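Working notes, structure below.
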Amino acid sequence: MDPEAFLDLANQVIKLKMYPYFDVAHSLLCALAVREDLGAGAQSFSRKHPLSCWLSTMLVIFAGGMVANGLLGEPILAPLKNTPQLLIGTVTWYLVFYTPFDVGYKVAKFLPVKVVASAMKEIYRAKKVYDGVTHAAKLYPNAYVIMIIVGTLKGNGAGFTKLLERLIRGAWTPTAMETMQPSFYTKASLVASIIFVLDKKTDLISAPHALVYFGIVIFFVYFKLSSILLGIHDPFVPFENLFCALFMGGIWDSLAKLLGKGQPKEETKDAKKTN
Amino acid sequence: MDPEAFLDLANQVIKLKMYPYFDVAHSLLCALAVREDLGAGAQSFSRKHPLSCWLSTMLVIFAGGMVANGLLGEPILAPLKNTPQLLIGTVTWYLVFYTPFDVGYKVAKFLPVKVVASAMKEIYRAKKVYDGVTHAAKLYPNAYVIMIIVGTLKGNGAGFTKLLERLIRGAWTPTAMETMQPSFYTKASLVASIIFVLDKKTDLISAPHALVYFGIVIFFVYFKLSSILLGIHDPFVPFENLFCALFMGGIWDSLAKLLGKGQPKEETKDAKKTN
Amino acid sequence: MDPEAFLDLANQVIKLKMYPYFDVAHSLLCALAVREDLGAGAQSFSRKHPLSCWLSTMLVIFAGGMVANGLLGEPILAPLKNTPQLLIGTVTWYLVFYTPFDVGYKVAKFLPVKVVASAMKEIYRAKKVYDGVTHAAKLYPNAYVIMIIVGTLKGNGAGFTKLLERLIRGAWTPTAMETMQPSFYTKASLVASIIFVLDKKTDLISAPHALVYFGIVIFFVYFKLSSILLGIHDPFVPFENLFCALFMGGIWDSLAKLLGKGQPKEETKDAKKTN
């Protein structure tokens, strides 16, 4: 592919308008996620508790913005002032839950629809991560950790509000904390945030900004599609294992065990407990 | 009744000062609600955990303002800067929990006292809903949903902080979420917020503002008194059922069942699970 | 001791710089507290969930500032913008959890190290309480209760975020609310906040400000060391019992029991339930 045409494409991706098509795709997948999370009881739940169902779906749709605002001292409700987006969210929620003969849900679950919507959602996610990093960088120009946290939260806010979202639906699952078992989206958003911060604040990345952004979009879309179509769920696992072995005590623990120190017995006991 | 005199009365109601009598009534009923919520163990709990008891009562008294502030990016503690109101709250809390021979509690539970305080509290609630809507409208002039949410939260904040309030007292009841079983107060505040928004932002309501406000006050007081004296608890239920049947899938579900589609078996199973 | 030399010393204590040594002591004890809280499974937990472990340690280290910011409408993440402090926190966390053969943890647990760090942390705590009171007084010059709340939260923020901190680690312990069984640190911070408010806002305390501050530092350090070395855990208990007997119904309840009134039976039943 011609490098210039590639850069042109990258520049177009960076200027892509999110409203309305990407908002629709995002809302659709969020409403689907809520419905899947409700499991077999979804239909009867949506009939009995429409308010709770609507509130939790809105929370999922606007999670990133709300969490980031809450942590940055800005109004948590502010994302809801975008009335067209709220309307799109409400309409897709209605379609997924209440259409006659469940037509809306079945269409949304139809593989080609889901694949296209997922790809669009990942493009949206890349934009949100970037916006989060930029916004935090404006507020705290030297606080890299804040930029990374805000970028990650914007990228996968719904993961971090899962507990609250379920609580709105009357379910409490304290062990489902995102921090305990970060999903692929959280890890990907974290990596993307770090790359954006490096790109913005240091000279380590010499590629033009549009290319960096485009690369992250491709990375997000590629792994999302692999996950749907090929069932590859977390390409980060080997890197994590390596990192943990090197820095999080893995090697030392093995050494200590070999040398008969480091409370090997206690550890085996612990491992059983926590498993 | 003379319409002009009626309008005059409405104009007076709108200018009614809340401090101090309405604050006393509100605080008294909040402290009573905390005590009822503690159940049979209230007395011994208040002796063993006075700090927790005071904090949770203050949370109930100032819930509306605190929740609304939290969601609008304003200081959550700000409502506590009103020292006279805080003093009233503390004194009523003390009277309800710690007077010798439980005199305070018994007086507060005495029906005529309770009826008058309840009526005053409803007048206060109408004012809080209106203030909430106005405040949100100032911040986000076009975000109707934010106005409605803030109005509702100001009207029945204590319902939404119930989980936190109980947590302060060491009890955790995740299934008691207001969103799952909205109380009459929440529904009434929601309807009042919608009416205030329509009155403020559209031309749909042609009556003078004072009359609209007065109408809502009468509606709140009337149903509160019916609830205490006649035991009518939720006049919204028939409207809700109608709305759900029309828009939330009720009719379509029945149709689908008749036609033998729409997974009737699964639904019966679900209904058992969620009941 | 020469009073002038004493005042000089007090003036020096008030100007003491917290960075970096006091930050190190504070972070070290926070990381230790997280490790102790994890119990026997700490080592294997830190290997399996490093992210969750890091996040909860950072939450403990920055708890006071974050909670106070959250309640005062300021950015919750703001304390993290202090990059050197964040680095110190991360390094001490790493040392406590991941050093080969657990050297870091063993050194930190070594009594002389712990005693020195604890004394430094108490000096830090006194400064944080004072800063909290001052900050709240700037925002709300007449709201004494807000000053006291913010001072207390800054002094023992980790106590109040314990539930959230454990939740980040996937554990949910709703009965461990600080408000139910306030620790000595909370009570001491509360008393210190009240003294600072009296010193700042009234003429009741005639001693120079530096002396008041120094007195509180000595009080904090003295009781911390008694607690570590002598096992005295809560010197407030007798005062609390007296206060409760006088004002929180103790005497009246006894009187009521003697007179055969005040539902003695119900109370005994309650006491059994709540015990």
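The values are calculated or read from the model by the stated rules, or taken from the named source; none is laboratory data. Because the structure is predicted, anything quoted here is derived from the model rather than measured. With ideal geometry, Cβ positions are generated from the backbone for all residues, glycine too; neighbour counts draw on all protein chains shown. With ligands, DNA and RNA removed, areas are computed over all heavy atoms of the protein, side chains included. Shrake-Rupley method; radii C 1.70, N 1.55, O 1.52, S 1.80 Å.
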Other copies of B:LEU246: label-to-label distances in nm, shortest first, labels 7 Å along the beta-carbon direction: 6.5, 6.5
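Please report the projected area of segment A:75-185's Cα convex hull averaged over all directions, in nm². Working shown, then result.
Numbers: hull surface 36.1 nm².
Quarter of the Cα hull surface area: 9.0 nm².
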Using only the Cα atoms of segment B:1-109, what semi-axes does the equivalent ellipsoid have when each is the square root of 5 times a gyration tensor eigenvalue? Give whole Å, largest first. 30, 20, 11
Expressed to one decimal in nm², the mean projection of the alpha carbon convex hull of segment B:49-107 is 4.5
Nearest-first distances (nm) between copies at B:SER206, label 7 Å from Cα via Cβ: 7.5, 7.5
Sort out the exposed loop trypsin sites (Lys or Arg not before Pro) in chain A (DSSP loop, at most 12 other Cβ within 10 Å) and tell me the longest stretch that has none. A:18-260
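Given only helices, namely DSSP H runs of n ≥ 4 each adding -39500 (n - 2.57), what is the per-residue ellipticity at 222 nm of chain C, to the nearest 500 deg cm²/dmol?
Working: 15 runs with 201 residues, N = 275.
Value at 222 nm, helices only: -23500 deg cm²/dmol.
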Please report which chain C residue places its beta carbon nearest the axis carrying chain C onto chain B, with the distance rounded to a whole angstrom. C:GLY73, 4
Pairs from B:LYS127/B:LYS200; A:LYS15/A:LYS127; A:LYS121/A:LYS162; A:LYS48/B:LYS224 whose Cα-Cα separation, in the structure shown, is over 20 Å: A:LYS48/B:LYS224
Using a Förster distance of 56 angstrom, determine the FRET efficiency expected from the C-beta separation of B:SER206 and A:THR99, and round it to 0.05. 0.95
Compute from the Cα atoms of segment A:80-133 the Rg and the Dmax, the latter being the longest Cα-Cα distance, and quote both in angstrom. 13.6, 43
Report the residue, chosen from B:ALA207, B:ALA68, B:ALA192, that carries the largest GNM mean-square fluctuation when chain B is represented by alpha-carbon nodes joined by springs under 10 Å. B:ALA207
Among the aspartates and glutamates, which have Cα under 16 Å from the Cα of A:LYS81 when same-chain residues fewer than 8 positions away are ignored? A:ASP23
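Based on the Kirkwood radius over alpha-carbon pairs, what is the Stokes-Einstein translational diffusion coefficient of chain A at 4 °C with 1.567 mPa s viscosity, in µm²/s? Can you show the working numbers first?
Values: Rh = 20.7 Å.
Result for D is 63 µm²/s.
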Taking the label point 7 Å from Cα in the Cβ direction, how far apart in nm is C:LYS138 from each other copy of itself, listed shortest first? 2.5, 2.5
When chain C is modelled as a GNM with alpha-carbon springs shorter than 10 Å, which of C:ALA108, C:ALA33, C:ALA143 fluctuates the most? C:ALA143
At what distance in nm do the modelled label points of C:LYS17 and A:LEU225 sit from each other, each positioned 7 Å from its Cα along Cα→Cβ? 5.6
Tell me which aspartates and glutamates have Cα within less than 16 Å of A:LYS109's Cα, excluding those fewer than 8 residues away on the same chain? A:GLU36, A:ASP37
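Mind pulling up the Rg/Rh value for the protein assembly as shown? Radius of gyration and Kirkwood radius, both on Cα.
Taking Rg over the Kirkwood Rh, I get 0.98.
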Excluding ligands and nucleic acids, what accessible area in Å² is computed for A:ILE194 using a 1.4 Å probe, to the nearest 10? 70
Roughly how compact is segment B:127-252, stated as its Cα Rg over 2.2 N^0.38 Å to two decimals? 1.17
Starting from the Cα of B:LYS138, draw a straight line to each of the aspartates and glutamates and keep only those under 20 Å, dropping any in the same chain fewer than 8 residues away. A:GLU74, B:GLU74, B:ASP199, B:ASP203
I want to verify a result. In a Gaussian network model of chain A, Cα cutoff 10 Å, which of these has the top mean-square fluctuation: A:LEU204, A:LEU259, A:LEU229? A:LEU259
Run the quick spin-label model on A:ILE218 and C:ASP234: label points 7 Å from Cα toward the beta carbon, then report their separation in nm to one decimal. 6.3
